[in-house]
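Notes follow once the structure below has been shown.
The values are calculated or read from the model by the stated rules, or taken from the named source; none is laboratory data. All of these numbers come straight from a predicted model, not from anything done at the bench. Backbone-built Cβ (ideal geometry, glycine too); neighbour counts: all protein chains shown. The protein model used for the area step is the full one, side chains on, heavy atoms only, and it has no ligands, DNA or RNA in it. Shrake-Rupley method; radii C 1.70, N 1.55, O 1.52, S 1.80 Å.
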Amino acid sequence: MLRLRKTNGLKIITAIIFAALSAPSLALAMECNLDTSFTHKTKHHGKRPVYTDKNSVFFTAPMAVNTDGAPISYHPDDPWGNTGKAINTICNGANVILPNGKKIRYDKCTKLIEGFKEAKASGWENKATARMDFYGIASSGFTPCINDKEPYEGYFVSTTSVIADKSKAVCDQDRYLNSIEIPFAIYPGAKKFTSHGVGKRDVVVYFNPENSAIEFGIIGDRGPKWGLAEGSIAFAQSLRQTDSLPTSRKDTYNFGVSKVHGLILPNASLEPPYTAENVRTRARNEFNNWGGMDRLNACIKQHGG
């Protein structure tokens, strides 16, 4: 306790200021407050814990790269993505429908590409041969859309389910989110996520602990239920801190990030326009309202092993 005398006013003031500056801070550190969790089974990375509250979904996992929406994603003359044209294989953008109605899916890629070549050679619409069920490529019936604009003339028009510009036609590449420009992620189509409100246009934040890079984006598409962290090329570039682009399917598979801490904000839905600047700015604002880096660091410390 300080014993003060009226005749020592200057020393009294000095002592009080020193005591105030020397006292431990009364401010409490930001807490994560994500105490509810569930286990999500992924295809390639085992079981992953996911931590939630009504406004947040937090997880840690390797981030794969999704090329949908990139104008160089798929090319009719490069179905494997290994000749320097496409950066992905057609097996990730379409199924084959056989004349008997059966489908060949991505896990039978060699047979799928054989069917693709048959469908292409027969003009796409021939019921007597294989036809294509395009889901990552814009189409009219069974006929795929081909980009007619330079510098991407001749490529398939690659799609995303979130539309960047509804005024553009179905076969216009500019209608869709561009994976090279827009930081967007793919959410797992599993009930455990959708029951927490996760869906398209939600805010998503990825943090790379290796170099402390952080990026802010939007959920641009729904993925398979066994996925988890999956981001656009632009997301990967930011987190890897590089300007380079993949040039083949193999490059794309190696362009991911070995570990990210991911945060989805289900109640923070972003509306158009979906330019890179607007997406990043509005997503960052929502992240800061959620608690920003202080809260994210708390979640990483508590749950990000």
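Close amide H pairs (under 5 Å, H built 1.01 Å from N) link N66 with G231, S232, I233, residues at least 5 positions away or on another chain. Among the protein heavy atoms, those of H75 account for about 20 Å² of accessible surface (1.4 Å probe, every chain in place). For the chain, the Cα-based Rg and Dmax, in that order, read 25.0, 107 Å.
Taken about its Cα centre, the range 38-179 carries a charge dipole of about 800 debye when Lys and Arg each add +1 at the Cβ and Asp and Glu each add -1 at the Cβ. Applying the criteria of a DSSP loop state and at most 16 other Cβ atoms within 10 Å to the trypsin sites (Lys or Arg not before Pro) of the range 220-305 yields K225. Lysine pair count for the range 175-255 with Cα-Cα distance under 16 Å and sequence separation of 8 or more or different chains is 5. The magnitude of the dipole of the chain, with charges of +1 and -1 set on the Cβ of Lys/Arg and Asp/Glu and taken from the Cα centre, is near 1340 debye.
Dipole of the chain computed with +1 at Lys/Arg Cβ and -1 at Asp/Glu Cβ about the Cα centre; of G115, H196, N254, farthest Cα towards the positive end is H196. Separation of the range 187-248 from the range 41-73 is 6 Å, based on Cα centroids. Near the amide H of Y155, within less than 5 Å, lie the amide hydrogens of N147, all on another chain or at least 5 residues away, with H placed in the peptide plane.
Close amide H pairs (under 5 Å, H built 1.01 Å from N) link G199 with no residue at least 5 positions away or on another chain.
Computed from backbone phi, the HN-Hα couplings of the range 129-138 come to 10, 4, 10, 9, 10, 7, 10, x, 9, 5 Hz, rounded to whole numbers (Karplus: 6.51 cos²θ - 1.76 cosθ + 1.60, θ = phi - 60°; Gly and Pro given as x).
Summary of the geometry: the range 127-147 and the range 155-183, compared by the centres of their Cα atoms, lie 17 Å apart.
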